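Before any comments, here is the structure.
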Amino acid sequence: MRFFLSLLFSGVLCAATAAALVEPGLPAWSDGERAGLEEAGWVAGGLLLSDEPVPDETETKTEEVLDVAQPTAEEIAETEDPANEIPEKFWPEYFDTRPTKFLVDPQGLLSPVDYRDRLGFLNYHAGDSSIDLFIYVFKGDQDIPGEVREEELVERFFSEGRPAAVVYYYMGAPQRSVLYLSPSLTDSVSAAEQRRAMESSVMQAFKDVDPSRQIEAFLVQMSIRIYWMERMLGGAADPGEELTVFSRPAREVEKVPTVMEKFQPMLESSRRFALPVGLSAGGMLAALVVGASLKRRARYQFPDFEVEPRLGGAHAAGVGAVISFASSSVPPASQRDQVPDYLRRA
């Protein structure tokens, strides 16, 4: 009995193992079901279940790329966002003519005090250097219009006259600033030296967070770098020589005119009258001194009068009498009329 049970168990186990080793068949569409789904639209996995050959992936991508139409120039221009461009009303002052001042800021991004100080520094630099420094000030997020070519403008406006360095400076974003040199300097100053000048100036600007102080530090360092460019042009300096960097640029001290300098024009105009006025003043002073001296030494002589009797009687001997005159402002020697005291008192 045990033998038959073990045979039965072994047979069931073998049958289960054989059934587990058999692979299931692939699913297949019925004719009606597949046709209905294809009429409704694309069927997911249709290529995998169909008998048609699968297309090459490379060929499919190539066909897709070729089928996509490239955008036209008009479409590209329409998609550009002009919000960050410089307003068109400021274009003439920026790009139409050569600037008459070293600091170009038609948008008024600098305060009046900062503009005056920065312009004063640039004027001082022009007086002390053979290379002028022109600064165009823009907002930190503004873009130059696409119609403007910076190199062409520099070549057109700064080909004649003194050599110049032109900087497009962005307020609050010194790292966006760009340096251009006039055609007379581009062949003499290497691109590496121009890059070093910009990098050192930007580093000095980033030592402060205030945009007005950033541009101040930037201008001071750029002026120093231009000085070394001059020495390089003269063959007196090594391009790799280290420069002295100031941690804080010094403000230009305005000279306060003295009192004599203020009155100098008036003195120049009155110089021709100096001799007559001096002689007249000297004569008047001498007359005053002589008059005061004579008055101090003056002596008055009283006249001799016979004392008039009073109340019909003479005065007692040796007592004397009081002589009164009519006027107290006229010298006694010029008066002859006596006025009794009792008449004066009345």
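The values are calculated or read from the model by the stated rules, or taken from the named source; none is laboratory data. Small disclaimer: the values here were computed from a predicted structure and weren't measured. Note: ideal-geometry Cβ built from the backbone for every residue, glycine included; neighbour counts use all protein chains shown. Surface areas here come from the heavy atoms of the whole protein model, side chains and all, with no ligands, DNA or RNA. Shrake-Rupley method; radii C 1.70, N 1.55, O 1.52, S 1.80 Å.
Only one of these conditions is not met by Arg156: (1) open to solvent by 50 Å² or more (accessible area, probe 1.4 Å); (2) of a type in the set (D, E, K, R); (3) farther than 22 Å from Glu85 by Cβ. Which number is it?
Status for Arg156: all satisfied but (3).
Can you tell me which residue is farthest from Phe218 (Cα to Cα) among those in the range 120-136 that are under 14 Å from the mean Cα position of the chain (by Cα) and free of Cβ contacts under 8 Å to residues at least 60 places away in the same chain?
Filtering first and then ranking leaves Asn123.
Considering only residues that are out of contact with any Leu (no Cβ under 9 Å at 6 or more places or on another chain) and open to solvent by less than 10 Å² (accessible area, probe 1.4 Å), which ones fall in the range 174-204?
Answer for the range 174-204, where residues must be out of contact with any Leu (no Cβ under 9 Å at 6 or more places or on another chain) and open to solvent by less than 10 Å² (accessible area, probe 1.4 Å): Pro174, Ser182, Glu193.
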